[in-house]
1. May I ask which residue of Leu336, Gln369, Gly86 lies farthest towards the positive end of the charge dipole of the chain, with charges of +1 (Lys, Arg) and -1 (Asp, Glu) on Cβ and the Cα centre as origin?
2. Would you calculate the separation in nanometres between label points at Glu463 and Glu361, each defined as 7 Å from the Cα along the Cα-to-beta-carbon direction?
3. Report the local net charge at Leu100: Lys and Arg +1, Asp and Glu -1, summed over other residues whose C-beta lies under 14 Å from its C-beta.
4. For the stretch 44-171, give the percent of accessible area contributed by carbon and sulfur heavy atoms, probe 1.4 Å, rounded to a whole number.
5. Given a 1.4 Å probe and heavy atoms of the protein chains only, how would you sort Tyr353, Tyr291, largest accessible area at the top?
6. By how many nm would the segment from Ser429 to Ala211 grow when fully extended, if each residue of separation counts as 0.36 nm and the alpha-carbon distance is taken off?
7. Going by Cα centres, the stretch 1-72 and the stretch 199-229 are how many Å apart?
8. Tell me, what % of the accessible area of the stretch 175-308 is carbon and sulfur with a 1.4 angstrom probe?
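The values are calculated or read from the model by the stated rules, or taken from the named source; none is laboratory data. Just so we're clear, the structure is a prediction, and the values are computed from it rather than from any experiment. Glycine gets a Cβ as well: all are built from the backbone with ideal geometry, and neighbour counts include every protein chain shown. Side chains are part of the model used for accessible areas, which takes the heavy atoms of the whole protein and leaves out ligands, DNA and RNA. Shrake-Rupley method; radii C 1.70, N 1.55, O 1.52, S 1.80 Å.
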Amino acid sequence: MPPLRLSPVEFRRLAGHFSEAAADFVAGLDRRRTVSATTALDTSAAFDLPLPEEGVGEAILRDLDQLAEHVRAPTGRRFPYVIGSGEPIGALADFYASVLNQNLTAWRSAPAAVTIERTVIGWLTEAIGCQGFDGSFTSGASLANLMALAMARESRAPANEDGAQPCVVYASDEIHMSIPKAVALLGIGRANLRLIPVDENLRINVNALEAAIEGDRQANRRGIALVASAGTIMSGAIDPLARLAEIARINDIWFHVDGAYGAFAALAEPAKLGGLSLADSISLDAHKWLYQPLDCSVLLYRDAKLARRTFSYSAEYVKTLSDDPIEGFAFFDQTLELSRRFRALKLWLSLRYHGLAAFREAIGENLRQARLLAQLIDSEPTLELLAPVELSAVCFRWTNAAPEALNDRNDEILRRVNQRGRVWLSNASIRGAFGLRACITNHRTTDDDVRAVLEEVLAAAEETA
């Protein structure tokens with residue numbers, strides 16, 4: 001048989017083994033440590049292997065068992081950062097998408113896949129109350145935010161032909177780190193990113209924002225974009241979207257909403273996201289709060305013509321020859337990417353299998369569980385909340401120490417919680433206070449998992465006393 005070929009029998013047998021390993025992993029999640037006990041030496045010994053000249057064949061199946069012992073398992077007690085839970089239908093769809101191996105450059109390259117992606121974009125815009133928006137799937141919100149700011153720049157200070165012009169971007173000092181990266185990569189420069197202070201609820205201070213815009217106008221500096229957070233990465237704070245949309249309109253500034261974390265909360269509690277539909281562009285992460293396997297993000301925008309003006313540059317060999325608006329459609333004319341994997345399939349199948357109502361219910365449960373955790377913290381004398389709980393991120397700290405020792409003490413407790421392995425938390429920094437952070441974006445999380453946070457923190461505090 002030619003190199004790399006598998007017979008249908010071999011493929012079916014191996015696919016069955018992979019399927020069994022995956023099913024065993026999911027079935028045993030509740031019994032697993034969320035943080036494996038592995039060390040750097042352990043992982044190096046397991047996986048830093050020499051490249052084989054001759055293949056090892058089905059011995060690779062043992063690698064799957066080894067791998068499962070060294071991962072951060074997506075149990076219901078995985079609470080750091082903002083990370084989804086790898087919904088199983090989406091995972092199976094990812095496998096099938098890889099077998100189909102469609103390249104979503106244009107309809108002619110992948111007709112079914114392109115049609116499905118455009119359909120899912122329509123579903124999502126309707127689900128979050130942004131009917132009429134266009135968009136495309138991306139690898140993550142970092143790319144989506146970069147593309148949104150590229151569109152903002154091209155709409156207000158065009159740079160594609162003659163290079164970047166001096167301009168200014170506004171965001172709160174709680175904005176995601178992808179925004180400073182984007183302004184650097186676009187040639188705007190981080191010195192021209194105005195990081196506006198936040199109010200007592202960790203939302204952008206509107207008065208300070210308006211003063212910054214006016215100050216730049218007086219200095220003849222052109223503001224091109226205002227970036228709002230629909231769920232800051234640290235505390236889940238939601239900027240006042242409707243008010244910011246008005247400020248952007250008055251000042252002729254592009255209004256982008258980084259909704260990677262929180263925008264999908266609009267499915268369960270739409271009132272939290274009032275003003276979302278007023279944005280010029282929105283980034284979304286389905287691999288966060290639609291529970292999908294990585295990578296599965298989306299950039300939505302109002303103006304598809306502007307997207308094409310920003311990203312279209314076609315060589316002869318990729319030009320479409322059809323005048324039909326469907327068969328002549330090319331994603332590469334309105335995205336940064338050319339080669340693109342079939343990311344939409346997992347969400348297409350997952351939404352069709354479960355229905356939108358199931359996702360709405362799951363998100364609603366996570367919001368309720370965050371409020372439950374906040375209540376448990378409030379009822380424990382040695383703990384305190386560090387920030388309001390607006391979405392599903394809960395920032396808190398241990399308080400039974402001298403003020404000057406609190407940061408070090410909480411650092412100690414966090415390390416011990418994660419060493420214990422049952423619960424995985426991340427750190428929080430709120431106005432200089434070091435704390436612990438649990439973010440619930442997991443369809444597997446139960447109320448007992450939420451209670452385990454307090455149990456583990458109190459046990460870690462006692463062990464490190």
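1. Towards the positive end, the residue furthest out is Leu336.
2. The answer from the label model is 3.6 nm.
3. Working: positive: Arg340, Arg341, Arg343, Lys346; negative: Asp94, Glu117.
So the surrounding residues net to +2.
4. Values: 3220 of 6010 Å².
That share works out to 53 percent.
5. Working: Tyr353 155, Tyr291 5 Å².
So the residues, ranked largest to smallest area, are Tyr353, Tyr291.
6. On the way: separation 218, 0.36 × 218 = 78.48 nm, distance 2.66 nm.
Contour length minus Cα-Cα distance gives 75.8 nm.
7. 50 Å
8. Values: 2450 of 4790 Å².
About 51 percent, which is the carbon plus sulfur part of the accessible surface.
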